[in-house]
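A short worksheet on the structure shown next.
The values are calculated or read from the model by the stated rules, or taken from the named source; none is laboratory data. Since the structure is predicted, the reported quantities are computational estimates derived from the model, not experimental observations. So basically every Cβ, Gly included, is an ideal-geometry build from the backbone, and we count neighbours across all protein chains shown.
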Amino acid sequence: MGAWYATREDVKSALDWAETSRSNARVDQAIEAASRWIEGFLHRRFYPELATRYFDFPDQYARPWRLWLDDSELISLTSISSGGTVLDPTTVLLEPNRSGPPYNRVELRIDTNSAFGGGQTTQRDVTITGLWGYSADDIAVTTAASAINSTATTLLVASSAGIGVGQLLRVGTERLTVTERTMAPTGQTLQQPLDALQKTVTVAVTDGTAFALDEVLLVDSERMLVVDIAGDQLTVKRAWDGSVLATHTGSAIYAPRKLTVTRGVLGTAAAAINQDATVYRWDVPGPVRTLCIAEALVTQLQQSSGYARTTGVGSSARQVGGGTVSKTQYGLSIESLREQVYTSHGRKARVRAV
């Protein structure tokens with residue numbers, strides 16, 4: 001499983017599918033395929049990865065102080081060396097400085113003594129350690145509800161809102177990938193009975209600050225979506241996610257706050273996580289996330305129809321998803337989205353003189 005640009009919950013919400021293990025596997029497969037396709041289509045990887053990469057010494061007939069990184073885009077620099085000599089970071093310029101990160105080239109200040117070269121060969125002469133990718137922007141979404149050691153693969157969080165399966169998280173310097181969410185006790189119970197009527201949407205709790213908007217709650221066997229919070233009163237959508245309306249009295253309230261995670265991903269090291277440590281969510285660029293959801297939706301709907309989804313008849317028949325039937329294109333909405341995202345986030349080819 002590589003880094004995803006949308007979560008399982010994003011796609012299932014768009015499809016309005018109920019929670020089942022069977023549909024989860026299909027959605028996960030579609031998101032993985034869409035994420036890898038987007039990387040090929042846009043010619044870049046968007047997620048941040050801490051790594052060391054090697055480059056040949058710049059062509060001596062070009063500008064010897066400039067090193068093009070090509071498809072290895074740099075977010076931030078940790079260290080750089082050439083010919084085994086560590087270069088002073090104050091003599092290194094990351095470019096383009098007006099729009100980066102990401103940076104597509106490294107330059108050495110020509111008013112200093114720093115220089116590339118000096119090794120026994122020009123091959124892999126330059127070594128750069130840093131954070132690679134398009135963006136490392138992240139958002140604080142919750143805190144750890146309990147402490148865990150560096151080998152634990154289950155993380156309890158204070159709120160599950162904004163965290164889905166496939167999400168890339170950061171706690172301290174460690175990055176983690178969410179591979180599953182399961183229900184965990186919130187420590188609270190219903191303070192007033194609920195009848196089995198759709199119009200009954202107010203849930204009284206002990207402490208409303210312990211919940212968040214868009215969090216899914218489980219009361220007995222009924223799921224509810226929190227849409228508003230006023231003090232200790234939660235306004236919810238009943239019978240959410242394919243569950244059934246039911247009566248409830250004094251029932252315990254659960255939420256999907258138990259996360260199964262893969263530790264120390266993308267070049268980071270697993271470390272102990274303290275209780276109340278801030279949990280950050282990597283912020284996927286908006287157009288990229290939208291395109292990933294759209295591509296996963298197309299895959300799901302095409303699979304359901306045996307890749308034969310068409311609209312219209314005869315000479316007006318058109319294939320859904322941008323294909324062709326009778327040389328007539330359809331699916332222009334997703335084609336338009338692809339073009340827009342390529343324009344805003346695609347890596348354009350750089351032509352070198354020969």
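Before moving on, here are some points about what is shown:
Each row is one residue, and each column tells you yes or no for (1) among the small types (Gly, Ala, Ser); (2) under 20 Å from Trp282 (Cβ atoms); (3) touching a residue at least 40 places away in the same chain (Cβ under 8 Å).
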position	(1), (2), (3)
Ala184	yes, no, yes
Gln188	no, no, yes
Asp195	no, no, yes
Ala212	yes, yes, yes
Leu218	no, no, no
Val227	no, no, no
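- Answer residue from the stretch 47-78, given it is in contact with a Gly (Cβ under 6 Å, 6 or more places away or on another chain) and part of a loop (DSSP other than H, G, I, E, B) and is nearest to Val341 (Cα to Cα) among those: Tyr47
- Considering residues of the stretch 79-112 that are in a loop (DSSP other than H, G, I, E, B) and of a type in the set (A, V, I, L, M) only, the residue surrounded by the fewest Cβ atoms within 10 Å (Cβ to Cβ): Ile110
- Here Thr209, Thr151 are screened, and the one residue that is at pLDDT below 95, over 26 Å from Arg26 (Cα atoms) and not in a strand (DSSP E or B) is Thr209.
- The combined condition, being in the same structural domain as Val261 (by TED's automatic domain parsing), surrounded by fewer than 19 Cβ atoms within 10 Å (Cβ to Cβ) and assigned to a loop (DSSP other than H, G, I, E, B), is not fulfilled by Ser159.
- Residue satisfying all of: in the stretch 46-62; without any contact (Cβ under 8 Å) to a residue 24 or more places away in the chain and not aliphatic (A, V, I, L, M); surrounded by the most Cβ atoms within 10 Å (Cβ to Cβ) among these: Asp59
- All of Thr179, Thr186 fail the test of being assigned by TED's automatic domain parsing to the domain that holds Arg257, out of contact with any Ser or Thr (no Cβ under 7 Å at 6 or more places or on another chain) and hydroxyl-bearing (Ser, Thr, Tyr), apart from Thr186.
Rundown of residues vs (1) in contact with a helix residue (DSSP H, G or I) (Cβ under 9 Å, 6 or more places away or on another chain); (2) under 24 Å from Ala272 (Cβ atoms); (3) of a type outside the set (Asp, Glu), yes/no style:
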site: Leu176; (1), (2), (3): no, yes, yes
site: Leu197; (1), (2), (3): no, no, yes
site: Gly208; (1), (2), (3): no, no, yes
site: Leu213; (1), (2), (3): no, no, yes
site: Val219; (1), (2), (3): no, no, yes
site: Glu222; (1), (2), (3): yes, no, no
site: Asp232; (1), (2), (3): yes, no, no
site: Val244; (1), (2), (3): no, no, yes
site: Gly250; (1), (2), (3): no, no, yes
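- Failed item in (1) out of contact with any Leu (no Cβ under 9 Å at 6 or more places or on another chain); (2) at pLDDT below 95, with Phe116 passing the rest: (1)
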